[in-house]
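The structure appears right after this line, and notes come after that.
The values are calculated or read from the model by the stated rules, or taken from the named source; none is laboratory data. Note that the structure is predicted; figures quoted are calculated from it, not measured. Cβ placement follows ideal geometry from the backbone for every residue including glycine, while neighbour counts extend to all protein chains displayed.
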Amino acid sequence: MRRAVCPGSYDPVTNGHLDIVERAAGLYDEVVIAVLINKTKSGLFTVDERIELLREVVAPLPNVRVDSWHGLLVDYCRNNDIRVIVKGLRAVSDFDYELQMAQMNHQLSSVETLFMPTSPLWSFLSSSLVKDVAANGGDVSHLVPGSVHQQLSRKFAR
């Protein structure tokens with residue numbers, strides 16, 4: 001079985017994230033969305049909330065599952081028989097950082113990284129930008145799945 005992982009913080013999941021996951025799901029037998037657990041950072045959404053939102057929005061994709069991890073991603077890959085990491089790239093600046101990570105991951109464990117360019121429709125989009133706009137009363141309904149928009153509205157209720 002060909003497995004791939006789409007790692008990230010997903011705080012919150014955006015339409016750009018979903019674009020990459022959906023496209024990866026067309027290439028692999030199973031895609032795992034792995035939510036990073038970083039105990040030194042506090043996000044807008046808890047890890048459990050992010051996992052629940054992700055499970056809801058990927059429910060129509062039968063070969064996608066959601067999990068979480070902490071520590072080295074290559075260890076997660078090794079423990080779950082995953083040989084490919086799928087990363088979405090928005091801009092050249094993403095590539096510079098992600099290339100170093102890909103080379104380190106390959107050096108550590110021979111895990112390959114597939115770089116997938118983000119759709120031009122979402123190339124400007126980031127979770128941080130969505131949170132900033134939503135926190136200041138801006139409309140992000142067209143940038144995130146409906147259930148995520150509802151949760152953002154609750155978090156930033158005025």
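Things worth noting here:
- In the stretch 75-88, the residues that are farther than 8 Å from V111 by Cα never reach a residue that is modelled with pLDDT under 95 and of a type in the set (K, R) with C-beta atoms less than 7 angstrom apart, at least six apart or across chains.
- All conditions but one from (1) touching a residue at least 24 places away in the same chain (Cβ under 8 Å); (2) surrounded by 13 or more Cβ atoms within 10 Å (Cβ to Cβ); (3) more than 30 Å from D81 (Cα to Cα); (4) out of contact with any Ser or Thr (no Cβ under 9 Å at 6 or more places or on another chain) apply to L121; the one that does not is (2).
- For the stretch 32-90, the candidate set comprises residues that are farther than 17 Å from Q150 by Cβ and polar (S, T, N, Q); within that set, the residue that is surrounded by the fewest Cβ atoms within 10 Å (Cβ to Cβ) is T40.
- Residue that is surrounded by the most Cβ atoms within 10 Å (Cβ to Cβ) [pool: residues in the stretch 124-140 that are closer than 13 Å to F156 by Cβ and of a type outside the set (V, I, T)]: A134
- Qualifying helices (runs of 4 or more DSSP H) (wholly inside the stretch 69-158; at least 1 residues being of a type in the set (D, E) and more than 18 Å from H17 (Cα to Cα)): 73-79, 92-109
- Residue within the stretch 28-49 that is of a type in the set (S, T, N, Q), under 16 Å from S127 (Cβ atoms) and free of Cβ contacts under 8 Å to residues at least 24 places away in the same chain present: yes
- Those residues of the stretch 78-101 which are under 10 Å from A4 (Cα atoms) and aliphatic (A, V, I, L, M), in sequence order: I82, V84, I85, V86
- Among the conditions (1) buried (at least 19 other Cβ atoms within 10 Å of the Cβ); (2) small (G, A, S); (3) within 19 Å of L125 (Cα to Cα), the only one that A25 does not satisfy is (3).
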